[in-house]
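Scroll down for the structure; my scribbles are underneath it.
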Amino acid sequence: MKLHLLYLEDNSDDVQLLRLKLSREWPECDTLVVVNEADFLAALKEGKFDLILADYRIPGFGGLAALAFAREHCPEIPFIFISGVMGEDVAVEALKKGAADYVLKDRLARLVPAIRRALQEAQERARRRQAEEQVHRIQTQLEQTNRDLLRKNEEIQNFYHTLSHELKTPLTSAREFISIVIDGLAGPLNGRQLEYLGIARQSCDQLRVCINDLLDATRLETGKLAIHLKPASLSALIRRVVTAVTPTAVEKKIALTADVQPDLPEIPLDEHRMTQVITNLLNNAIKFTPAGGKIVIKVADAPERPELVQISVTDTGCGIPVAEQSRIFDRLYQVKAGDATSEAGVGLGLYLCRELVQLHGGEIWVQSQPGQGSTFSFVLPKSEHLLRANLLLIDDDPQMREVLHELLERHGYNVHTAAGGREALEWMRHQTPDLVLLDLAMPDLDGPATLKEIKKNWAGVPVIIYTGYAESDLVKQALAFSPFTLLAKPCPPAQLLETLHKVQRAGDTATWKRNHFGLMKPRLKKPRRPIVRTRKSAKLN
């Protein structure tokens, strides 16, 4: 290793002794010796050095002044004092001002280890600085890419929204005029004319459903579709929907029956949206079931999950090919085979079912075998308590944990606390939280180390670093495991809650700014058909 040194020293004997000492360790050591302030400043501006050595006492040029110049012009180069006399107070002051070390001239045995240590620390700082710069560049690129994607997505959604509205208005007018003509208000009609107008009105109704689905999908993806939960009877809702779709089933000669468990409690529902889900599933079953087939909608407690209620729609239709089942709930995806292909819509029905079920804190899945029919099932929580986000609070300060626990519980979070990183990671091995609030300065396993493990094993869980050391080295260490949200404490409760809300809504891009809910599908006993589940479930903010 070739070493380039700058040595501020006015004693030629000391220079000779140092060169002899260093040549044993670094035979190719290149040392530039300067004896005064002017030469020292010129060397700093012109040369590139690995290390600066300096005597503390140079006539007309103090050691601390030399250190200050070095910190100003080349702060990345380590600086070591070599002096015959250097008191403890002076040494401490020099270290505080940026010196890497100091060595007394009568103890030069310490010089080589001190140089090695200073060089190693400088290399480590350089690597860390490069890593931080790289992280910053990547983060900047990701932020710009994200902004571009958000802008493009917003443009697309605005186009869909505008298009839907522009189509809906003339469509409504057309349907109303068709109805006026059918009712005979514009004059008498013969049988064939009534038949053709009836087909036209039915086509308007189908197009209206497609437009409404497109509007709902746009609202979902822009976060503007809100549901309003209140206790409601699921049994009564099921009966109303079955009554409404029965004429369609009868017209196609399909037997439609409801099997509802008695004495089911009221559960938190948005009745309008849940009616939309169940109507969609029943209409799909009717569409894909041939004449003479059967459809059963069943409502009961979920198997082995008494805190959930399960709704299933089973038909004896054409079934779903195995290759199609993994994508059946994707937006705009349509099954290409089956008798109902010609009746297919725009591929948003099952996507909306999934999203609306997830907004209720539930999960939906399908069991199907080609030629043997399908069963679409979903579960809903019976209690609003299950709709709360699970937040893991990691902080070694018991008073801080108590204050935050009370605040967050009061604002609708299920809060779990851990006094340190090891305890938190052990808890997460048994249950995955929706959100993590993490302190940095902790004794057993500090914040950066804990964050590293969370990103390694639970990469999808959003993390907020809540620390009183926002400018510390701990934050710089944590940058290696970004992304995360940084919040300095203490901060007003409103700011903390707003940050949690924003991070929670940004945590799941797959369902557009909505948080995960980990409801697992109830285990079914000896399923006779392949089971395909949606990959995630979401929960109401």
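The values are calculated or read from the model by the stated rules, or taken from the named source; none is laboratory data. Model, not experiment: these values are computed from the prediction. Here Cβ is always computed from backbone atoms with ideal geometry, including for glycine, and neighbour counts include all displayed protein chains.
Condition first: within 15 Å of ALA236 (Cα to Cα) and touching a residue at least 60 places away in the same chain (Cβ under 8 Å). Now tell me which residues in region 278-309 satisfy that.
Going through region 278-309, the residues within 15 Å of ALA236 (Cα to Cα) turn out to be 278-279, 297-300, 309.
Passing the criteria: VAL299, VAL309.
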message = Given the options HIS405, HIS360, name the one that is touching a residue at least 60 places away in the same chain (Cβ under 8 Å) and farther than 19 Å from ALA323 by Cα.
response = HIS360
query = What single numbered condition from (1) at pLDDT 90 or above; (2) touching a helix residue (DSSP H, G or I) at 6+ places or on another chain (Cβ under 8 Å) fails to hold for GLY292?
reply = (2)
key: Residue ID - farthest from the chain's Cα centre (by Cα), chosen from residues in region 349-404 that are farther than 18 Å from THR417 by Cβ and among the charged types (D, E, K, R)   = LYS382
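I'd like to know if region 179-199 contains one or more residues that are β-branched (Val, Ile, Thr), in contact with a helix residue (DSSP H, G or I) (Cβ under 7 Å, 6 or more places away or on another chain) and either modelled with pLDDT under 90 or not in a helix (DSSP H, G or I) (or both).
Pass one, region 179-199, residues β-branched (Val, Ile, Thr): 180-182, 199.
Those still in the list that are in contact with a helix residue (DSSP H, G or I) (Cβ under 7 Å, 6 or more places away or on another chain) too: 181-182.
Still in the list and also either modelled with pLDDT under 90 or not in a helix (DSSP H, G or I) (or both): 181-182.
There is at least one residue in region 179-199 that is β-branched (Val, Ile, Thr), in contact with a helix residue (DSSP H, G or I) (Cβ under 7 Å, 6 or more places away or on another chain) and either modelled with pLDDT under 90 or not in a helix (DSSP H, G or I) (or both).
I'd like the residue in region 200-244 that is small (Gly, Ala, Ser) and within 30 Å of SER383 (Cα to Cα) and, out of all such residues, is nearest to the chain's Cα centre (by Cα).
Start the filter on region 200-244 by keeping residues that are small (Gly, Ala, Ser), which leaves 200, 203, 217, 223, 226, 232-233, 235-236, 244.
Remaining after also requiring within 30 Å of SER383 (Cα to Cα): 217, 223, 226, 232-233, 235-236, 244.
Values: ALA217: 21, GLY223: 15, ALA226: 20, ALA232: 32, SER233: 34, SER235: 36, ALA236: 37, ALA244: 40 Å.
So the residue we want is GLY223.
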message = Against the definition (surrounded by 11 or more Cβ atoms within 10 Å (Cβ to Cβ), part of a helix (DSSP H, G or I), within 35 Å of the chain's Cα centre (by Cα) and touching a residue at least 60 places away in the same chain (Cβ under 8 Å)), how does VAL112 come out, yes or no?
response = no
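Which residue out of ALA65, ALA54 is more than 22 Å from ARG125 (Cβ to Cβ) and either assigned by TED's automatic domain parsing to the domain that holds VAL15 or more than 47 Å from the chain's Cα centre (by Cα) (or both)? Explain how you work it out, then say what you get.
Numbers: ALA54 fails: more than 22 Å from ARG125 (Cβ to Cβ).
Exactly one residue qualifies, and that residue is ALA65.
Hey, could you check region 198-225 for residues that are small (Gly, Ala, Ser) and touching a residue at least 40 places away in the same chain (Cβ under 8 Å) and say which is surrounded by the fewest Cβ atoms within 10 Å (Cβ to Cβ)?
Going through region 198-225, the residues small (Gly, Ala, Ser) turn out to be 198, 200, 203, 217, 223.
Add one more test, that the residue is touching a residue at least 40 places away in the same chain (Cβ under 8 Å), and what stays is 217, 223.
Working: ALA217: 23, GLY223: 12.
Among those that are small (Gly, Ala, Ser) and touching a residue at least 40 places away in the same chain (Cβ under 8 Å), it is GLY223.
Only strands (runs of 3 or more DSSP E) wholly contained in region 412-491 count here; list those with 2 or more residues that are in contact (Cβ under 8 Å) with a residue 24 or more places away in the chain, in the same structural domain as ASP396 (by TED's automatic domain parsing) and within 29 Å of THR140 (Cβ to Cβ). Walk me through how you get there before you give the answer.
Numbers: elements: 413-418, 435-438, 463-467, 485-488.
Filter on region 412-491 gives 435-438, 463-467.
Has region 251-267 got any residue that is more than 26 Å from ARG331 (Cα to Cα) and assigned to a helix (DSSP H, G or I)? Talk me through it step by step, then tell me what you get.
Taking region 251-267 first, the residues more than 26 Å from ARG331 (Cα to Cα) are 251-267.
Remaining after also requiring assigned to a helix (DSSP H, G or I): 251.
Yes: one or more hits.
Might you let me know whether region 149-162 holds any residue that is modelled with pLDDT of 85 or more, in a helix (DSSP H, G or I) and not acidic (Asp, Glu)? Working first, answer last.
Within region 149-162, the first condition is being modelled with pLDDT of 85 or more, and the residues that meet it are none.
The answer is no; no qualifying residue exists.
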